[in-house]
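These notes concern the structure reproduced below.
The values are calculated or read from the model by the stated rules, or taken from the named source; none is laboratory data. Just so it is clear, the structure is predicted and the values come from calculations on it, not from any experiment. Reconstructed Cβ throughout: ideal geometry from the backbone, glycine too, with neighbour counts over all protein chains shown. Heads up: the accessible areas ignore ligands, DNA and RNA and are worked out on the full protein's heavy atoms, side chains in. Shrake-Rupley method; radii C 1.70, N 1.55, O 1.52, S 1.80 Å.
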Amino acid sequence: MPDQQTYSFPDKRGYFGQFGGKYVPEILIPALEELEKSYLKARDDKAFQVNYRKILQKYVGRETPLTFASRLTKHYGKAKIFLKREDLCHTGAHKINNAIGQVLLAREMGKTRIIAETGAGQHGVATATVCAKFGMECVIYMGAEDMRRQKLNVDRMGLLGADVRQVDSGSKTLKDATNEAIRDWVTNVENTFYIIGSAVGPHPYPMMARDFQRIIGDETRSQLWTAEKKSPDYLLACLGGGSNAIGLFYPFLNEPDIRMIGVEAGGLGKESDKTAATLSKGTHGVLHGSKSFLLQTEGGQIRLPYSISAGLDYPGIGPEHAHLFDSKRVEYVAVNDKEAMEAVKLTSKLEGIIPAIETAHAIAWLDQLMPTTEKDEIVVINCSGRGDKDMATISEYLRENP
Ligand SMILES: *Cc1c(COP(=O)(O)O)cnc(C)c1O
């Protein structure tokens with residue numbers, strides 16, 4: 001196998017190039033410093049890592065398969081396509097890898113209360129799940145509008161024992177729930193651990209989420225080596241905050257021949273106002289504690305993102321992706337609602353896998369990519385989640401677009 005990478009971001013101050021950092025109220029700086037110290041200790045602690053891996057194996061169901069998508073491959077008639085099956089993780093997506101890591105760290109730090117914010121509800125469900133498993137008190141902040149749109153996930157969190165708190169300020173969506181979670185953390189920082197669900201937030205969160213998700217890329221490397229005796233030529237993943245993408249990309253970043261493509265949600269088109277394509281359309285700014293790209297007005301107000309996929313509907317992007325975009329190591333593109341929904345149909349019919357609408361954005365890019373590939377090349381797509389949670393949206397789309 002080729003050597004593991006030596007890429008070494010973030011720096012000591014928590015920056016990926018010019019992005020990242022800790023833009024939080026003064027009162028939270030000691031909490032972030034304590035968190036960083038505890039995390040670095042856990043990262044080098046053999047017992048912590050062995051326990052983390054064991055729970056991923058016995059509870060989450062890792063390792064997840066790397067599936068050869070034979071009929072999708074035949075459909076395009078070019079490079080071989082493989083799917084990394086994060087949809088087969090317990091709770092149906094990759095988010096649980098990070099939630100398990102952070103809850104174990106919370107326990108290590110002696111915290112007894114967990115808070116989180118959620119938009120579509122997927123991170124809330126993953127957090128409520130690990131809190132049930134480890135006997136932690138769990139409070140989830142969620143915008144009133146999101147609670148209405150994602151009722152099933154609200155009920156799931158309740159059943160798992162979480163206290164779901166409705167947020168009625170602002171647009172009543174994710175960014176308002178995040179503000180509320182930060183307010184709670186400031187007040188209860190003594191006994192409370194804030195679990196952030198993507199590779200976003202102040203340092204050390206983007207680094208922690210990446211490290212807890214890199215198992216996706218590490219497994220892919222060894223599984224592909226076993227199956228094909230080579231490294232991938234292309235890696236594809238969808239981007240909300242960027243955790244499933246960085247989890248797949250990170251272990252390969254030092255191999256310049258591997259092309260990596262992050263796919264954002266274009267919504268109704270990145271030229272329109274109804275989009276979540278942060279890197280294509282955003283500008284530099286600070287959101288949720290770090291410097292990155294974000295969708296904002298000229299006056300610096302956050303612009304409400306839009307995508308048919310609730311999990312990609314986020315106005316920011318993790319700072320490491322901002323850096324990888326700036327340094328051109330990773331290519332970033334956007335796929336619209338309609339193209340993603342066609343990819344849901346295609347993957348269901350050809351592979352017997354109903355992907356999450358988020359995931360389908362990455363799959364949809366095959367239309368652009370595949371004609372440029374060669375038969376002896378390999379494409380790996382991160383299948384970040386399953387589509388069961390999206391069936392209401394999918395059914396409505398199918399009624400209108402049979
Ligand atoms: C939340 C979610 C995403 C987007 O989050 P990232 O942090 O960008 O990975 C993608 N796919 C699924 C299935 C999700 O639940």
* Stick to the Cα atoms of segment 100-246, pair each with every other, and give me the Kirkwood hydrodynamic radius in Å at one decimal. => 16.3
* **Gaussian network model of the chain, Cα within-10 Å springs - most flexible of 253, 152, 174** => 152
* Asked: Which values of log₁₀ I(q)/I(0), to two decimal places, follow from the Debye formula for segment 286-334 at q = 0.20 Å⁻¹ with a uniform point scatterer at every Cα?
  -> -0.78
* Structure fact -> With the convex hull built on the alpha-carbon atoms of the chain, volume per residue in Å³ sits at 132
* Backbone HN-Hα couplings from phi across segment 26-31 [Karplus 6.51/-1.76/1.60, Hz, Gly and Pro as x] -> 2, 5, 8, 4, x, 5
* Mind pulling the per residue volume of the convex hull built on the Cα atoms of segment 312-364? Å³ is fine. => 88
* Please give the calculated 222 nm ellipticity per residue for the chain, where each DSSP H segment of at least 4 residues contributes -39500 (n - 2.57) and the sum is spread over every residue; nearest 500 deg cm²/dmol? => -12000 deg cm²/dmol
* Asked: Applying the Karplus parametrisation 6.51 cos²θ - 1.76 cosθ + 1.60 with θ = phi - 60° to the phi angles of segment 160-167, what ³J(HN,Hα) value in whole Hz is obtained for each residue in order, glycine and proline being reported as x?
  -> 7, x, 7, 9, 8, 9, 6, 10
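What fraction of the Cα pairs in segment 231-378, stated in percent, has a spacing above 22 angstrom?
Of all Cα-Cα pairs in segment 231-378, 38 percent lie more than 22 Å apart.
Where the accessible area of segment 93-163 is counted over protein heavy atoms with a 1.4 Å probe, how much of it, in %, is carbon and sulfur? Present the calculation step by step, with values, prior to reporting the outcome.
Details: 1170 of 2370 Å².
Carbon and sulfur together cover 50 percent of it.
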* Return the ratio Rg/(2.2 N^0.38 Å) for segment 115-174, where Rg is computed over Cα atoms only. => 1.00
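Given a 1.4 Å probe and heavy atoms of the protein chains only, how would you sort 43, 148, largest accessible area at the top?
148, 43
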* Work out from phi, with θ = phi - 60° and the Karplus expression 6.51 cos²θ - 1.76 cosθ + 1.60, the ³J(HN,Hα) of each residue of segment 191-202, listed in order in whole Hz, and give x for Gly and Pro. => 10, 10, 10, 9, 8, 9, x, 9, 7, 10, x, x
* May I ask you to give the solvent-accessible area per residue for the chain, in square angstrom, as obtained with a 1.4 angstrom probe? => 41
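Using the structure shown, select from 78/151; 111/274; 230/389; 151/349; 95/230 the pairs with a Cα to Cα distance greater than 32 angstrom.
78/151; 111/274; 230/389
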* List the residues whose amide H sits under 5 Å from the amide H of residue 62, counting only those 5 or more places along or on another chain, with H placed 1.01 Å from N in the peptide plane. => 57
* Sorted peptide list for 260-272, 199-211, 160-172, criterion being average Cβ within 10 angstrom, highest first -> 199-211, 260-272, 160-172
* Asked: For 63, 228, what's the largest-to-smallest order of accessible area, 1.4 Å probe?
  -> 63, 228
* Quick one: grab Rg to one decimal and Dmax as a whole number for segment 174-286, Cα atoms only, in Å. => 17.3, 53
* To do: Output the Kirkwood hydrodynamic radius of segment 152-225, Cα pairs only, in Å rounded to one decimal.
  => 15.0
* Between residue 290 and residues 5 or more places away or on another chain, which pairs have amide H atoms under 5 Å apart, with H built 1.01 Å from N, and which residues are they? -> 23, 201
* Structure fact -> Reduced to Cα centres, the span from segment 193-266 to segment 98-153 in Å works out to 22
* If you put +1 on each Lys and Arg Cβ and -1 on each Asp and Glu Cβ, how big is the dipole of segment 280-377 around its Cα centre, in Debye rounded to 20? -> 280
* To do: Provide the solvent-accessible area of residue 52, counting protein heavy atoms only and rolling a 1.4 Å probe, rounded to the nearest 10 Å².
  => 10
* To do: Compute the normalised compactness of segment 300-402: alpha-carbon radius of gyration over 2.2 N^0.38 Å, N being the residue count.
  => 1.19
* **Probe 1.4 Å - accessible area at residue 112, Å² to nearest ten** => 80
* To do: Calculate the dipole size of segment 269-324 relative to its Cα centre from +1 charges on Lys and Arg beta carbons and -1 charges on Asp and Glu beta carbons; express the result in debye to the nearest 20.
  => 20
* Structure fact -> Computed about the Cα centre, the charge dipole of the chain from +1 Lys/Arg and -1 Asp/Glu charges at the Cβ has a magnitude in debye, to the nearest 20, of 740
* **Other-chain or far-sequence residues with amide H under 5 Å of residue 164's (modelled H)** => 140
* Report, to two decimal places, the Cα Rg of segment 77-143 normalised by 2.2 N^0.38 Å (N = number of residues). => 1.38
* To do: Using only the alpha carbons of segment 51-94, determine the length spanned along each of the three principal axes and report them from longest to shortest in whole angstroms.
  => 43, 16, 11
* Structure fact -> Farthest towards the positive end of the dipole of the chain, among 29, 199, 275 and with Cβ unit charges of +1 on Lys and Arg and -1 on Asp and Glu, lies the Cα of 199
* Once you measure Cβ to Cβ distances between cysteines in the chain, which Cys have no partner under 4.7 Å? -> 89, 238, 383
* Theoretical gain in end-to-end length, residue 303 to residue 137 [0.36 nm per residue, Cα-Cα removed] -> 56.4 nm
* Determine Rg/Rh for segment 1-121; Rg is computed over alpha-carbon atoms and Rh is the Kirkwood hydrodynamic estimate from the same atoms. => 1.05
* Where does each of 225, 185, 365 land when they are ordered by accessible area, with a 1.4 Å probe and the largest first? -> 225, 365, 185
